[in-house]
Amino acid sequence: MTIDQLAERLALSRSTIYYWVRDMPIPGSGPGGEWPESGQRKGSPAAQRKYRLLREEAYRQGAEEFDSLAADPTFRDFVCLYVGEGFKRNRNRVAICNSDPAVMCVSTRWLRALSDKPVRFSIQYHADQDLTELCEFWGELLGIERGAIRLQRKSNSNRLAGRNWRSRHGVITALVHDTLLRARVQAWIDRVKGDWR
């Protein structure tokens, strides 16, 4: 079966199936896979080059715009927060996760200002937290519609009693699927780290 056939049969996304079977010789499954048509193999490097060039241009844009954006001191704060709290393992998304309301206010404000893509939110919570209260707190603070927050129970979700626990409102993630913004963010991170040396 091809990747598309597996995705349809299992009612999962093509990308999920790809990551499950990427090391197997399945048509369209990546290196070592057998492609049904040689045109697909030829198109892939061209597409890779196209998107690499777009990312490189976005990185250059980020380097050029740093000083003008840094006229607002909270921009540099955002970049520093991203160095410490941002998700850096995926070149296609910009995400920052924290339980501190001030951190998430400045991060969300900049994500909304820097990308035309929607910002998505999820909250990690413990078993005995009030989910309505969590959603109301973050929704009011960050201007999120009530039903637009994804909820995810923490895997180590123990009771709060007897613990000195600082994540009173859970841990929220703000995420944007934006490859070009991620390239710009990398330019800003490199600039800030360069200033630290």
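The values are calculated or read from the model by the stated rules, or taken from the named source; none is laboratory data. Just so we're clear, the structure is a prediction, and the values are computed from it rather than from any experiment. Neighbour counts run over all protein chains shown; Cβ positions are idealised from the backbone, glycine included. We work out accessible area using only protein heavy atoms, side chains counted, and drop any ligands, DNA or RNA first. Shrake-Rupley method; radii C 1.70, N 1.55, O 1.52, S 1.80 Å.
Extending 7 Å from Cα along the Cβ direction at Leu131 and again at Ala113 yields two label points whose distance is 3.4 nm.
What is the percent carbon and sulfur in the accessible area of the range 75-197, measuring with a 1.4 Å probe over the protein chains and ignoring ligands? Please list the in-between numbers first.
Values: 3110 of 6960 Å².
Within the range 75-197, the accessible surface is 45 percent carbon and sulfur.
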